[in-house]
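Worksheet: the structure to be examined is printed underneath.
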Amino acid sequence: MDNETETIRRILQETGDTWAVVGLSTNRSRAAYGVAEVLQRFGKRIVPVHPKAEPVHGEQGYASLADIPFPVDVVDVFVNSELAGGIADEAVAVGAKAVWFQLGVVDEEAYERTRAAGLEMVMDRCPAIEIPRLG
């Protein structure tokens, strides 16, 4: 098993079940909406993070990671690459254990900073694709 595959396995199976989904709103046409549904189906608690702070999939929304009043294990990032590094830094600041940049979200410097801070990180991948691959 290669290193990235092992990191994906650890995040999905060992890191914890509370996932803050940054960029998740009630817009059903956005990828975040469907991926959050898949995460719930596989036993994850999703926490919507969006400026509107609206409830999604039965879970209370928050305007930022700092507004969430309980620990999150994984921060799943659905914002564009230019904003993703700031979200990764916020994930470190709130004590998350891992950061997951979705398909098309790439920031090599943020990856290095996040890993240097001791967090697991995956970039340019989708948990809804990776979960079935793990069996």
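The values are calculated or read from the model by the stated rules, or taken from the named source; none is laboratory data. On a predicted model such as this, the values are computed, not experimentally measured, just so you know. Note: ideal-geometry Cβ built from the backbone for every residue, glycine included; neighbour counts use all protein chains shown. Each accessible area value is taken on the protein alone, full model and side chains, heavy atoms only, with ligands, DNA and RNA left out. Shrake-Rupley method; radii C 1.70, N 1.55, O 1.52, S 1.80 Å.
Can you tell me which residue in segment 1-50 is least open to solvent (accessible area, probe 1.4 Å), limited to those that are touching a Lys or Arg at 6+ places or on another chain (Cβ under 7 Å) and under 19 Å from PHE70 (Cα atoms)? Filtering segment 1-50 for residues that are touching a Lys or Arg at 6+ places or on another chain (Cβ under 7 Å) and under 19 Å from PHE70 (Cα atoms), the one least open to solvent (accessible area, probe 1.4 Å) comes out as TRP19. Applying the criterion of being under 20 Å from ALA31 (Cβ atoms) and touching a helix residue (DSSP H, G or I) at 6+ places or on another chain (Cβ under 6 Å) to the residues of segment 111-126, the residue that is most open to solvent (accessible area, probe 1.4 Å) is MET123. The C-beta contact set for segment 64-77 (first residue in contact (Cβ under 8 Å) with a residue 60 or more places away in the chain, second residue of a type outside the set (S, T, N, Q) and outside any loop (DSSP other than H, G, I, E, B), distance under 7 angstrom, 6+ apart or interchain) comprises VAL74/ILE11; VAL74/TRP19; VAL74/ALA98; VAL74/TRP100. The condition of being surrounded by 14 or more Cβ atoms within 10 Å (Cβ to Cβ) and touching a helix residue (DSSP H, G or I) at 6+ places or on another chain (Cβ under 6 Å) holds for VAL77. Checked against (1) surrounded by 15 or more Cβ atoms within 10 Å (Cβ to Cβ); (2) assigned to a helix (DSSP H, G or I); (3) modelled with pLDDT of 95 or more; (4) among the aliphatic types (A, V, I, L, M), VAL105 passes all but a single condition, namely (2).
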